[in-house]
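Here the structure comes first, spelled out in structure tokens, and everything after it is commentary.
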Amino acid sequence: MKKSSETNHLFRLVSASVVLQLLLSPIMPAVQMAVAKPIKQAAPATSNDGGASENLDSSVTRLESKVFGKSSSTLSLKVRLEALESSVFGSVQSGGLMTRIKALSDAVGSAKGPQGDAQVKQKEQPSGDVQSASSNLVPDDQSCGVTDKEIVLGSCSALSGQMSYRGLEVVKGGQAYFSYINDQGGINGRKIRLVSGDDRYTADGADQCFYSFLKGKVFLATLFNSTVPAARYVPKADVARLPMVGFSTGADFIVTPAHKYVFQVRASYGDEAAAQVDVLLNKLHRNRIALVYQNDAYGAACQSAVVHALQTHSQSPCVEVSYPRLTTDVGPIIAKLKEVKPDAVIMGASASALPLLVRRRDEIGTDVQIVGFSPGTDLVVKEAGKAADGMLISQVLPYTNKDLATYKLFSSLIQKYAHAEPTDSSFEGFVIAMVVVDALKRAGRNLNRERLLKSLESMNNVDFGLGPNARLSFSHDQHAGLKGIVFWSTIDDGKVVPVSNWAKFVKH
């Protein structure tokens, strides 16, 4: 069954407001909590505490303007209130409407909205060393983390848990390139020292890792992976004046709007979704497209991107199926998909659920085309193997083009320094490290953060050996380096290969 249009609208509203919700960080729970709680059917607006409903509506409208930057007045008061509570508190609250609205007003306080500084009553603080760490960073110390002999970089990634398969690889690829640069003499006489932290793919882990950067005095942060932690890091960057370069996730909030201290290398999920929908509709003639996504920031980013891409073709998903993040029970997902008989399924899924769904795809339909986003590549190959043969995956780097000079260098260095075989994720980490090194070189010997930002924004049509159609550009108001650049791969005999013949994927 399709979700009600009201619930879909609510989900997109929460997804679109990820950046602002997290500007209120760290007092708010992670974005995944904001979308995980099911919303019941809307009821007429009434007040258990008395008072005119139009006054309550005005109060909710003002709160929406502060938290989301706009009002969703076409929805019922109940649904709008629940969206606000999910965003600010992490769950829907109990009690009368006036009591709940007052609690929201107290929590939001003097927040100025998406274009201003959010100042919200604090609900929770990091404890122990984490709490005191923020005082160790002096924002005006533009050379923090730089000595005569080294440049200290920090990385926060999932090094444990279900998402560690990707986090470990991203860091591994980046470290291989940094080691190579150090062996060449470093950057302007300085060696790179990478401090790698484990955020465990959780919001709390992200907060802890971030504050460890402040305590450890890193010059810039890089080699991030996963959307959920990224949603915590991005708003913190501008506050701490800590440059962040390279997230192994395509969530749109990372670069829209542009944040002064945040730079992204890869294309977005919006770019991937646009390519996915175009191929399915126009090349493969598959019109009944289903969407599966997990209830967290990653799923929200994928869902919003796919729905928008379909809308540009005057289409919508034949069904949207969401599931709890990190679930291993995919039976209910498959049952809902079977009901509508799609001819293609786009997977906004990760962790254990993704390979489980891929392995059981024949239960959905024998001629159903499965399409995945780039972050799932390595996991599908590792956990599903040949059972994933025929799956299409949009890519943001030319991982399957083994003839490229950069890929050849990567393949050699990942084996030399990490003693590992090349993977899609380690290649992304490698390319991120190349961009970081280039920016550091451009900034010169007299290195500080402002010079680094200027050197990043000076990059225009830079060739990193990814092919003639994949050159990186930043500017003052555009911090997405490879914006709009998407490649295609498929799984064949359990391996990732380029798509060479679209005809084999056309619906029979």
| field | Radius ratio Rg over Rh of region 391-508, counting only Cα atoms, Kirkwood formula for Rh | value | 1.05
| message | Using only the Cα atoms of region 294-352, what are the Rg and Dmax in Å? | response | 11.8, 34
| note | Taking protein heavy atoms only, a 1.4 Å probe, and rounding to whole percent, the accessible area of region 201-314 owed to carbon and sulfur comes out at 50
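Residue separation times 0.36 nm, minus the C-alpha to C-alpha distance between residue 506 and residue 65: what's the value? Write out the running numbers ahead of the final one.
On the way: separation 441, 0.36 × 441 = 158.76 nm, distance 4.57 nm.
Length difference between fully extended and current span is 154.2 nm.
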| task | First select every other residue whose beta carbon is under 12 angstrom from the beta carbon of residue 372; then total the charges, Lys and Arg +1, Asp and Glu -1. | result | -2
| How much length, in nm to one decimal, is gained on full extension between residue 282 and residue 412, taken as 0.36 nm per residue of separation minus their Cα-Cα distance? | 42.9 nm
| task | Rank-order 186-195, 384-393, 461-470, 172-181 by packing density, defined as the average count of other C-beta atoms within 10 Å over each peptide's residues, highest first. | result | 172-181, 384-393, 186-195, 461-470
| Using a 1.4 angstrom probe and counting only protein chains, how large is the accessible area of residue 260 in Å², to 10? | 100
| What whole-number value in Å² describes the accessible area per residue of region 185-303 for a 1.4 Å probe? | 25
| said: Test of understanding: express the Cα radius of gyration of region 166-260 as a ratio to 2.2 N^0.38 Å, with N the residue count. | reply: 1.10
| task | Only Cα pairs under 8 Å and at least 6 apart count here; give the relative contact order of region 361-492 as a rounded whole percent. | result | 30
| said: Based on C-alpha coordinates, I'd like the Rg and Dmax of region 227-296, in Å. | reply: 15.4, 49
| Just for the Cα atoms in region 245-388, what are the lengths along the principal axes, largest first, rounded to whole Å? | 47, 34, 25
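Could you sort 339-350, 223-234 so that the peptide with the highest average Cβ count within 10 Å comes first and the rest follow in order?
Peptide ranking by packing, descending: 223-234, 339-350.
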| said: For region 419-479 and region 253-329, what is the centre-to-centre distance using only Cα atoms, to the nearest Å? | reply: 26
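Let's see if you can work this out: charge +1 on each Lys and Arg Cβ, -1 on each Asp and Glu Cβ, no other charges. What is the dipole magnitude of region 186-316 about its Cα centre, in debye to the nearest 20? Don't skip to the answer; put the middle values down first.
Numbers: 14 positive and 10 negative charges, 107 e Å.
The dipole magnitude comes to about 520 debye.
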| remark: Each label sits 7 Å from Cα toward the beta-carbon; between residue 141 and residue 463 the label points are separated, in nm, by 4.1
| remark: Stretched fully, the stretch from residue 311 through residue 362 gains (0.36 nm per residue minus C-alpha distance, one decimal, in nm) 15.6 nm
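The values are calculated or read from the model by the stated rules, or taken from the named source; none is laboratory data. Keep in mind the model is a prediction, meaning the values are calculated, not measured. Cβ sites come from the backbone with ideal geometry, for glycine too, and all protein chains shown count toward neighbours. Quick note on the areas: whole protein, heavy atoms, side chains included, nothing else; ligands and nucleic acids left out. Shrake-Rupley method; radii C 1.70, N 1.55, O 1.52, S 1.80 Å.
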